Amino acid sequence: MPPDTLVTVDWGAQLHGYCSDCTRTLATGGAVPDELRRAYEVCHEAQRSAVEGIRPGMTGGQADALARRGIEAAGLGAAFGHGLGHGVGLAVHEAPRLAADSVDVLEPGHVITIEPGIYLPGIGGVRIEDLAVVRDDGVELLTSFPRELSLVR
């Protein structure tokens with residue numbers, strides 16, 4: 001691994017036919033470039049905003065906007081080129097879709113990913129993805145892996 005950059009790792013597992021999905025971005029050195037460190041901070045805050053704001057009855061578009069607003073306010077909107085997330089169940093990608101144009105309605109019991117990403121051409125990228133269950137009062141995170149930027153050697 002090259003020193004002083006970010007590496008994004010996406011993994012999952014299956015149990016009794018049901019899928020999981022998790023992504024973390026890790027630092028390979030202590031001197032991560034300022035642009036990547038800032039992208040990580042913006043992405044982390046966008047993910048936190050979505051986790052705190054998602055409620056049943058919202059559309060996938062409304063959920064996506066919770067994260068997208070912060071990324072756009074930081075001037076990085078063009079670097080968030082995918083939707084916020086998707087449903088997970090017997091397939092790793094299924095409804096509901098959480099994206100700017102999604103009219104899918106989130107309901108209690110839906111298992112979804114919440115995974116904003118920021119990709120800076122020629123520099124690097126960040127994605128922070130958690131698996132969550134939509135509950136009556138918000139979401140319950142199923143992922144326990146830390147979200148803070150971690151150093152790997």
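The values are calculated or read from the model by the stated rules, or taken from the named source; none is laboratory data. Since this is a predicted model, take the numbers as computed values, not measurements. Positions of Cβ are backbone-derived with ideal geometry, glycine not excepted, and every protein chain shown enters the neighbour counts. Just so you know, the surface numbers come from the protein's heavy atoms only, side chains and all, with ligands and any DNA or RNA stripped out. Shrake-Rupley method; radii C 1.70, N 1.55, O 1.52, S 1.80 Å.
Between Val139, Val126, which is open to solvent by less than 10 Å² (accessible area, probe 1.4 Å) and assigned to a strand (DSSP E or B)? Full working, then the answer.
Details: Val139 fails: open to solvent by less than 10 Å² (accessible area, probe 1.4 Å).
Residue meeting the stated conditions: Val126.
Which residues, counting only those in region 95-106, are open to solvent by less than 70 Å² (accessible area, probe 1.4 Å) and under 23 Å from Gln14 (Cβ atoms)?
Hits for region 95-106 are Pro96, Leu98.
Looking at (1) open to solvent by 60 Å² or more (accessible area, probe 1.4 Å); (2) touching a Lys or Arg at 6+ places or on another chain (Cβ under 8 Å), which is the only condition Ala73 fails?
With (1) open to solvent by 60 Å² or more (accessible area, probe 1.4 Å); (2) touching a Lys or Arg at 6+ places or on another chain (Cβ under 8 Å) applied to Ala73, the lone miss is (2).
So how many residues does region 68-78 have that are more than 16 Å from the chain's Cα centre (by Cα) and either at pLDDT below 95 or of a type outside the set (Gly, Ala, Ser) (or both)?
Looking only at that region, the number is 0.
Looking at the structure I just gave you, is Ile114 in contact with a Cys (Cβ under 8 Å, 6 or more places away or on another chain) and surrounded by 13 or more Cβ atoms within 10 Å (Cβ to Cβ)? Steps first, answer last, please.
Numbers: in contact with a Cys (Cβ under 8 Å, 6 or more places away or on another chain): no; surrounded by 13 or more Cβ atoms within 10 Å (Cβ to Cβ): yes.
Taking the combined requirement at face value, the residue does not satisfy it.
Here's the yes/no breakdown for (1) at pLDDT 95 or above; (2) farther than 17 Å from Tyr119 by Cα; (3) touching a strand residue (DSSP E or B) at 6+ places or on another chain (Cβ under 9 Å):
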| position | (1), (2), (3) |
| --- | --- |
| Cys22 | yes, yes, yes |
| Leu36 | no, no, yes |
| Gly61 | yes, yes, yes |
| Phe80 | yes, no, yes |
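Cβ-Cβ distance below 7 Å, separation of 6 or more or different chains: which pairs start in region 43-56 with a residue that is under 17 Å from Leu131 (Cβ atoms) and β-branched (Val, Ile, Thr) and end on one that is assigned to a helix (DSSP H, G or I) and at pLDDT 95 or above?
That search, which allows pairs on different chains as well, returns Ile54/Ala63; Ile54/Leu66.
Within region 23-39, which residues are open to solvent by less than 10 Å² (accessible area, probe 1.4 Å) and either under 24 Å from Glu94 (Cβ atoms) or not in a loop (DSSP other than H, G, I, E, B) (or both)?
Thr23, Arg24, Thr25, Ala27, Leu36, Ala39
Select, from Arg55, Arg97, the only residue that is in a strand (DSSP E or B) and modelled with pLDDT of 95 or more.
On the way: Arg55 fails: in a strand (DSSP E or B).
Exactly one of Arg55, Arg97 is in a strand (DSSP E or B) and modelled with pLDDT of 95 or more, namely Arg97.
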